[in-house]
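Participant: Sending over a structure as structure tokens; questions will come in a sec.
The values are calculated or read from the model by the stated rules, or taken from the named source; none is laboratory data. What you are looking at is a predicted structure, and each value in this text was computed from that prediction instead of being measured. Ideal geometry is used to build each Cβ from the backbone, glycine not excepted, and the neighbour counts take in all protein chains shown. Surface accessibility is based on the protein's heavy atoms, side chains included, excluding ligands, DNA and RNA. Shrake-Rupley method; radii C 1.70, N 1.55, O 1.52, S 1.80 Å.
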Amino acid sequence: MSAKLIVTLFYVQYIFITNCQEVAKFFRKDYDYIDSTKSFYKIHTIHRTWEDAKEMCDFEGTTLFYPYDEDEARAVINYWNQTQPFSWIFIGVSTPNVREVFETVDGLSISQVYDAWGRGEPNNAGGIEGCVVLRKDGTLNDDQCTKKLPFICKKTLSTLEWNMLCDLPDMGYEYNELGRCYKFHLNPRSWHDAFRICDAEQSYLAIINSDAEANVLVNITKNTPKDDVEDTNYLNGAVHLGFKFNHIWKTIKHESLRRSGYTKWGVGQPDGKGKETCGSMFFNGKLNDISCDQRCFFICEHEPAILTTEYDFRFGRPN
């Protein structure tokens with residue numbers, strides 16, 4: 001595809017999405033829009049602790065939901081009743097600073113937002129209840145943060161920014177000449193956590209398919225400032241990528257490295273002898289086997305829908 005045609009497609013998409021975003025109210029296909037609150041919501045059915053729930057919402061570019069007022073509580077509970085059977089959910093209220101002083105995830109006192117506590121609540125039963133749940137009847141209750149419960153993530157329409165070149169609501173991804181988008185993550189994670197984060201961002205751990213793509217990732221790695229990383233508990237010099245060992249080395253797309261188009265290992269690699277079964281790249285672009293629990297930087301990859309007709313479906317047009 002010629003560069004001129006790609007530029008033309010980007011321009012057409014820009015005009016189309018700019019005109020349709022306000023009409024279609026699209027954020028992600030797994031989120032639903034409630035017009036009365038001008039926000040998007042997703043009910044997570046996999047139960048998590050309060051901290052893990054908050055983190056998952058962060059991964060998706062959203063916040064752990066809490067009702068701002070009675071109108072929002074009523075609207076979301078109605079949506080919840082129509083879609084899921086759960087009797088209660090974690091909400092974005094906890095006691096992060098002082099026991100029994102409740103604050104929202106964005107630092108507001110609960111007295112400034114919806115605070116319809118149930119009868120006799122909060123009671124900090126057993127001295128271990130520091131997080132808040134919302135019941136289906138609209139009342140709040142303090143509960144243990146370590147319990148695993150369903151939860152809701154929220155994105156307001158007013159905070160939605162669309163990355164036109166990469167065709168997703170994440171401005172951290174950068175488009176490159178190969179027609180792909182990449183995001184370098186500076187928060188070191190294990191391989192499995194990196195995989196989950198990329199998936200939550202509607203992307204995947206980057207896969208190298210050619211020498212040209214290896215050079216792109218090397219340059220991204222080289223040009224990403226790393227001096228301000230406060231976490232010191234990680235392996236410097238490598239980034240997690242999307243391949244691992246399962247009888248043979250395969251990409252996360254279930255293709256052998258040989259078929260994927262890039263098999264340039266670092267000197268003496270792989271050398272884990274079955275103990276290092278996840279894949280990474282040295283900063284020089286050469287492949288390296290690594291322990292799946294080893295924490296290091298990672299790169300997510302996204303394929304823009306601009307080069308397909310997939311975006312038509314999002315805005316109500318047949319593809």
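Participant: For the stretch 250-262, state whether one or more residues are part of a loop (DSSP other than H, G, I, E, B), out of contact with any strand residue (DSSP E or B) (no Cβ under 6 Å at 6 or more places or on another chain), on the phi > 0 side of the Ramachandran plot and open to solvent by 60 Å² or more (accessible area, probe 1.4 Å).
Facilitator: yes
Participant: Within the stretch 282-309, take every residue that is of a type in the set (Val, Ile, Thr) and surrounded by 18 or more Cβ atoms within 10 Å (Cβ to Cβ) and give me the one that is modelled with the lowest pLDDT.
Facilitator: So in the stretch 282-309, the residues of a type in the set (Val, Ile, Thr) come out as 290, 299, 306, 308-309.
Next, only the ones that are surrounded by 18 or more Cβ atoms within 10 Å (Cβ to Cβ) stay: 290, 299, 306.
On the way: Ile290: 97, Ile299: 98, Ile306: 60.
Step by step, filter the stretch 282-309, then rank; the result is Ile306.
Participant: Just one of (1) at pLDDT 95 or above; (2) closer than 23 Å to Asp167 by Cβ; (3) assigned to a helix (DSSP H, G or I) trips up Lys54, so point out which.
Facilitator: Lys54 satisfies every listed condition except (2).
Participant: A follow-up question, please. Can you name the number of the only condition in (1) in contact with a strand residue (DSSP E or B) (Cβ under 7 Å, 6 or more places away or on another chain); (2) more than 26 Å from Thr45 (Cα to Cα); (3) not charged (D, E, K, R) that Val133 fails?
Facilitator: Going through the list (1) in contact with a strand residue (DSSP E or B) (Cβ under 7 Å, 6 or more places away or on another chain); (2) more than 26 Å from Thr45 (Cα to Cα); (3) not charged (D, E, K, R), Val133 breaks only (2).
Participant: Right, here's the next one. State which residue is most open to solvent (accessible area, probe 1.4 Å) when the search covers only the stretch 54-71 and only residues that are within 24 Å of the chain's Cα centre (by Cα) and closer than 19 Å to Asn141 by Cβ. Step through it out loud before you land on a result.
Facilitator: Step one: list which residues in the stretch 54-71 are within 24 Å of the chain's Cα centre (by Cα), which gives 54-68.
Checking which are closer than 19 Å to Asn141 by Cβ leaves us with 54, 64-68.
Numbers: Lys54: 60, Leu64: 4, Phe65: 1, Tyr66: 26, Pro67: 2, Tyr68: 123 Å².
Within the stretch 54-71, the match that is most open to solvent (accessible area, probe 1.4 Å) is Tyr68.
Participant: Considering Val229, Val218, Val239, which residue is within 13 Å of Gly279 (Cα to Cα), hydrophobic (A, V, I, L, M, F, W, C) and touching a strand residue (DSSP E or B) at 6+ places or on another chain (Cβ under 9 Å)? Spell out how you get there, then give the answer.
Facilitator: On the way: Val229 fails: within 13 Å of Gly279 (Cα to Cα); Val218 fails: within 13 Å of Gly279 (Cα to Cα).
Criteria check complete, one pass: Val239.
Participant: Return the pair list, or none, for Cβ contacts closer than 7 Å from residues in the stretch 142-168 that are open to solvent by less than 10 Å² (accessible area, probe 1.4 Å) to residues that are acidic (Asp, Glu), at least 6 apart or on different chains.
Facilitator: Matching pairs, first to second residue: Asp142/Glu121; Asp142/Glu129; Cys153/Glu60.
Participant: What do you reckon, is Asn176 at pLDDT 95 or above and surrounded by fewer than 20 Cβ atoms within 10 Å (Cβ to Cβ)? Give the steps one after another, and end with the answer.
Facilitator: Working: at pLDDT 95 or above: no; surrounded by fewer than 20 Cβ atoms within 10 Å (Cβ to Cβ): yes.
Criteria not met by Asn176.
Participant: How many residues does the stretch 150-208 hold that are within 30 Å of Lys136 (Cβ to Cβ) and among the aromatic types (Phe, Trp, Tyr)?
Facilitator: Selection size over the stretch 150-208: 1.
Participant: Something else now. Lys222 - would you say it is open to solvent by 30 Å² or more (accessible area, probe 1.4 Å), in contact with a Cys (Cβ under 6 Å, 6 or more places away or on another chain), touching a residue at least 12 places away in the same chain (Cβ under 8 Å) and not in a loop (DSSP other than H, G, I, E, B)?
Facilitator: On the way: open to solvent by 30 Å² or more (accessible area, probe 1.4 Å): yes; in contact with a Cys (Cβ under 6 Å, 6 or more places away or on another chain): no; touching a residue at least 12 places away in the same chain (Cβ under 8 Å): yes; not in a loop (DSSP other than H, G, I, E, B): yes.
For Lys222, the condition - open to solvent by 30 Å² or more (accessible area, probe 1.4 Å), in contact with a Cys (Cβ under 6 Å, 6 or more places away or on another chain), touching a residue at least 12 places away in the same chain (Cβ under 8 Å) and not in a loop (DSSP other than H, G, I, E, B) - is not met.
Participant: Given the residues Gly279, Gly316, Gly272, which is the only one that is at pLDDT 95 or above and small (Gly, Ala, Ser)?
Facilitator: Result of the check over Gly279, Gly316, Gly272: Gly279.
Participant: To continue, here is another question. Go through the stretch 122-141 residue by residue and tally those that are open to solvent by 40 Å² or more (accessible area, probe 1.4 Å) and in a loop (DSSP other than H, G, I, E, B). Steps first, answer last, please.
Facilitator: Pass one, the stretch 122-141, residues open to solvent by 40 Å² or more (accessible area, probe 1.4 Å): 122-123, 125-126, 128, 135-137.
Restricting the remaining residues to those that are in a loop (DSSP other than H, G, I, E, B) gives 122-123, 128, 136-137.
Summing the residues that are open to solvent by 40 Å² or more (accessible area, probe 1.4 Å) and in a loop (DSSP other than H, G, I, E, B) in the stretch 122-141 gives 5.
Participant: Does the stretch 176-209 hold any residues that are at positive phi and more than 15 Å from the chain's Cα centre (by Cα), and which are they? Please lay out each step first, then the result.
Facilitator: Taking the stretch 176-209 as the starting set, the residues that turn out to be at positive phi are 179, 202.
Once the filter is applied, which keeps residues that are at positive phi and more than 15 Å from the chain's Cα centre (by Cα), the stretch 176-209 yields only Gly179.
Participant: When you look at Tyr79, is it open to solvent by 70 Å² or more (accessible area, probe 1.4 Å) and touching a residue at least 40 places away in the same chain (Cβ under 8 Å), yes or no?
Facilitator: On the way: open to solvent by 70 Å² or more (accessible area, probe 1.4 Å): no; touching a residue at least 40 places away in the same chain (Cβ under 8 Å): yes.
Criteria not met by Tyr79.
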